[in-house]
Amino acid sequence: MAKPFSVKRQRGFTAMAIACFAALYLPIFVLVIFAFNSASSLSHFEGVSLRWFHEAAQNKQVVDATLRSFHVASVAAVIATLVATMAALATTRTRPYPGLTFKYALLNAPLMIPEIVTAVALLIVFSQVKGWIGYTGIGYLIAAHTAFCVPFAYLPIRARLENMDLTLETAAADLYATRWNTFRYVTLPLLWPGILAGLMLSFVISLDDVVITEFVKSAGQDTLPTYMLGQLRRSITPEVNAISVVLLLFSVLVVTLFFFASKRRN
Amino acid sequence: MSQSAIRADYRRTLTRRWLLSSPALLIVLLAATGPLLVVLLYSFLKAGPYGGVLPEFSPEAWIGVVMQRGLFDDTLSIADAHLAIFWRSIRLSLETTLLTLIFGFPTAYFIATRPPNTRELWLFLITIPFWTNLLIRTFAILQIIRNDGTINTVLLKLGLIGEPIRMLYTDGAILAGMVYVYLPLMVLPLYASMEKLDFRIVEAGYDLYATPFRVLRLVIIPLVKPGIVAGCILVFIPSLGAYVTPNVLGGGKNLMIGNLIELQFGQGRNWPLGSALSISLMAVVMAALIVYVRNADKTGGHHG
Amino acid sequence: MKLSGLMVALFATTTAAHAEGVLNIYNWGDYTNPELIEKFEKTYDVKVTMTDYDSNETALAKARLGNTGFDIAVPSQSHLPIWIAEGLLLETNPGQMENGKNIAPDWADPDFDPGRKYSAPWQHGTIGIAVNTDVYKGPLDSWAIAFDPPAELQGKVNVVPEMSDIIFGAIAYNGGELCSADEEILKKAHATLVNAKQHWAAMEYGTIELMLAGDFAATIDWNGSAMRQRLENPAITYVHPKEGVATWSDNVVVLKEAQNVENAKLFQNFIMDPENAALISAFARYANGIAGSEEFMPEDMKGAPELTIAEHARANTVNMRICDPEVQDIYTRIWTDVLK
């Protein structure tokens, strides 16, 4: 039986799309399977075991790096989202004003600069700053992460704001609500999904960064991705798979939570 | 309200808006864009003997980007090593962009033509890999294309090949990895403009007895052009500076710009040259952005 | 407000970094025995952090920039004189420490650190070629395996991307000497590398696993790495090239900027104890320069062929050192040209 004619149909597109989805998930699937391999081989599966998860959990460097990754990501994401929310409030729902384009450009600049260039620049600058003020802690890493997270937090919040009209806020103002109360009880609740999206995106982006961290990190500041990069350069064992699976699960969890949260609101 | 009161109010609003946005601007300025100026400065200094710079002006680094001394004498010639590396990176990025477009277009179209209630789920499925670590995704590719990786193991077991096909550490491996890694960046903007596609216009095309291919070429593609351009830019720029994927899948035999820059700051001990190369990379990115902005303006003019 | 409370909590965790009893070590990747670190932590109640680097240049560059937060680094002998000359190191006199007497006579007064004023020996070894003899059955004595590979090895050779070592190999292969600036020799070495590159599969540091998996059939590598491969696959043999073998050593130093000097000194002394030195060797499989450590070493290391330079190469063995900046500059250009 011939398929009914549809204006949307393009020959071969569906097959190609399905192939793309398969290709996207196949490598990840293989990676997950071998994390549960009982042998140390990455090519022959010999039996299901949690051996590599155990080994990763016993490895102090892995545990430290994991904690550090989450630490940096949570601080960077919170700060980035906070400042991005403020910036979004200041750059939306307004007539163009002097400097607005400059603000747009600057806030999105981290997306446009190749990571390696930022990394090199930060290596040079931070080492100078370290010399001047003597502080060598993890603050530099957090500052760097916050900066490249800003656009990821800013974009969804701005998008949300642009879709909100001013009716409710004007109504509140008409009822003599203070500017702060209007923000607190009207704008913020409406904006919340955007803020949450920004927070999650920046968190995941920070958690995944390799290049900038690799250049900026100082003593004992390996994050999980830079630790993994080191391992890939030396000896690869399924332990790396196990770590990947944990990180993968976490990212997927965050994104899934966000997906369902935003769905429910709609 | 009087004129002056309105003006004063406007000024207050402006000040508030600047104050409100200043923390974000400051952070980006201090920890992302500002340091680029220092890189620019370093590119005009003299290289220190064991890395670092000496506080002395020298155009040496910039000369070094495009020209090179003969390996064994002082004659200057075009720095074909650097040009070759830049060209390889640009070519690879263009190929990556083209391939992600070829694969991403039908995928985005597929998602955009699903019923609205399942559309989000498909979109979600395409973004999941994007939100997982780049390194992990590269590592996943590494595992399936190795000599004893999944593909070779399956082909050997099926008896289709006698000995493993060499895939890892080839240019093809880098390309495959980059396409894999950046595909979601192409699909998302494509989807965003296809979602808004008005299928009544498409229908009109069929009413005029156009074939599906002509409809695609003459109606759909022009309408989603902004998405195509945005996707191409989003893929092209990160590909250009890619460092991890070429490093892990390419085996380090053929340098890309990113790796060349890293080499100068590491074993090469030539920071000014590394800085000049970084600025050059920025220039290529800027050029790509200008092309984008021009195109966006044009399409905006036609349809906006 | 809840949010500000959260922020305070998050920042509180960032500032508690410099507690007492900390030691920050900056060392080559995959090089330090976790057991050694655990033992040190238990003995002295010190928390150790480890950070990896993968080239002498990276480590030196970071140290020169200063304010790294590292207490201990492990530079190679070739670069150690620069660290000393640049004033990056603290004179801790490891030679005079309690365990300093254990340093083997050959390593007690080396030219890169006369009198062991700054450094304690960590490990030493050679660079050569690891070959899978199941794949290649020809003679095992020359750089030709990597620079002019026989048909069965073509496309299966890996080369560790260690610029100085590889260029030395290419120079030695063409009859030159370490740090040679001889134009004829360098031209030949350049041609050797350019010609050889087409037969190389990759230039990777992570050789062990890929050699064992069969992705590579030969690799320019360090002897300890080659031993780790042989212990898993007896067919893998380490070649000392007759044209020239470079020996190197890595040495534990304390940075001048160290914030935990006492712990760093304890560490230097700690690793010169034969039992602990044996732990170092048991992991990375190199010799360590501490007399009496052999008896604590694993059985499979005693008399291992990788640890003694083969007869045919002994005459051409040199100690690795760093070349003059001008010569180094030519090497970098050759290297970039090869990798373009």
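Please treat every number below as a calculation from the coordinates, not as lab data. Remember, it's a predicted structure, so these values are computed and weren't measured experimentally. Ideal geometry is used to build each Cβ from the backbone, glycine not excepted, and the neighbour counts take in all protein chains shown.
Here are some notes:
- Dimensionless Rg ratio for the range A:50-265, taking C-alpha atoms and the 2.2 N^0.38 Å reference: 1.19
- Taking max minus min of the alpha-carbon positions on each principal axis, the range B:64-170 gives extents of 68, 42, 24 Å, largest first.
- Spread of Cα-to-Cα distances over 10 Å intervals beginning at zero, given as percent, for the range B:157-258: 14, 28, 22, 20, 14, 2
- Selection from A:Leu247, B:Thr153, C:Ala217 lying farthest towards where the dipole of the protein assembly as shown points positive, charges on Cβ: A:Leu247
- Crossing angle, helix C:325-339 versus chain C [Cα axis fit, 0-90 degrees, rounded to tens]: 70 degrees
- Exposure proxy order (Cβ contacts within 10 Å, fewest to most) of C:Val194, C:Val48: C:Val194, C:Val48
- Taking the longest Cα principal axis of chain A as reference, the axis of helix A:60-91 is set at about 20 degrees.
- Axial C-alpha extent at least 15 Å, average Kyte-Doolittle at least 1.0 - helices from chain B (DSSP): B:134-145, B:171-195, B:225-240
- Degrees, to the nearest 10: A:13-35 long Cα axis against longest axis of chain A: 60 degrees
- Annotation for the range A:173-266: chymotrypsin sites (Phe, Trp or Tyr not before Pro) lying in DSSP loop with at most 15 further Cβ atoms inside 10 Å of their Cβ are A:Tyr176.
- For the range C:96-217, alpha-carbon Rg relative to the globular expectation (2.2 N^0.38 Å, N residues): 1.33
- Using just its DSSP H runs of length 4 or more, each adding -39500 (n - 2.57), chain A gives a mean residue ellipticity at 222 nm of -24500 deg cm²/dmol after division by all residues.
- For the residues of A:28-38, the average number of beta carbons from a partner chain within 10 Å of their own beta carbon is 3.
- Taking a sphere under 9 Å around the Cβ of B:Ala81 and counting the other residues whose Cβ falls inside, with K and R at +1 and D and E at -1, yields a net charge of 0.
- Charge tally around C:Lys302: other residues with Cβ under 10 Å, Lys/Arg +1 each, Asp/Glu -1 each, net -4.
- Taking the helices alone, chain B has a mean residue ellipticity at 222 nm of -23000 deg cm²/dmol, built from -39,500 (n - 2.57) per DSSP H run of at least 4 residues and averaged over all its residues.
- Within the range C:216-236, backbone nitrogen closer than 18 Å to the virtual label 7 Å beyond the Cα of C:Asn316 toward Cβ: C:219-223
- Take each residue of peptide B:149-160, count the partner chain Cβ atoms within 10 Å of its Cβ, and average: the result is 2.
- Net charge over other residues, Cβ less than 12 angstrom from the Cβ of B:Gly266 (K, R count +1; D, E count -1): -3
- Gyration tensor (Cα) of the range B:80-303, equivalent ellipsoid semi-axes in angstrom: 35, 26, 15
- Which of C:Phe70, B:Phe139 has the fewest Cβ neighbours within 10 Å, and the rest in rising order: B:Phe139, C:Phe70
- Altogether, the Stokes-Einstein calculation at 4 °C and 1.567 mPa s, with the Kirkwood radius of the protein assembly as shown over Cα pairs as Rh, returns a diffusion coefficient of 44 µm²/s.
- When shorter helices are ignored and each DSSP H run of at least 4 residues is given -39500 (n - 2.57), the per-residue value for chain C at 222 nm works out to -11000 deg cm²/dmol.
- As a length-normalised measure over Cα pairs under 8 Å and 6 or more apart, the relative contact order of the range B:1-142 settles at 8 percent.
- Separation between Cα centres of the range B:183-236 and the range C:265-279, rounded to whole Å: 68 Å
- Solvent-free Debye calculation, one equal scatterer per alpha-carbon of the range A:172-266: log10 I(q)/I(0) at 0.14, 0.21 Å⁻¹ equals -0.71, -1.05.
- Packing rank of B:213-220, C:273-280, A:76-83, where each peptide gets the mean count of other beta carbons within 10 Å, highest leading: A:76-83, C:273-280, B:213-220
- Structural descriptor for chain C: relative contact order 26 percent, calculated from alpha carbon pairs under 8 angstrom and at least 6 residues apart.
- For the residues of B:46-52, the average number of beta carbons from a partner chain within 10 Å of their own beta carbon is 6.
- Proximal lysines relative to C:Lys188, as straight alpha-carbon distance under 19 Å, when same-chain residues fewer than 8 apart are discounted: C:Lys197, C:Lys242, C:Lys340
- Distance from the Cα centroid of the range C:77-139 to that of the range B:94-166 is 47 Å (rounded to whole angstrom).
- With neighbours defined as other Cβ atoms within 10 Å of a residue's Cβ, the residues C:Asp329, C:Asp109 order from fewest to most as C:Asp109, C:Asp329.
- Taking every C-alpha pair closer than 8 Å and separated by at least 6 residues, the mean separation divided by the residue count of chain A gives a relative contact order of 30 percent.
- Rounded to the nearest angstrom and listed largest first, the equivalent-ellipsoid semi-axes of chain C from its Cα gyration tensor are 36, 23, 22.
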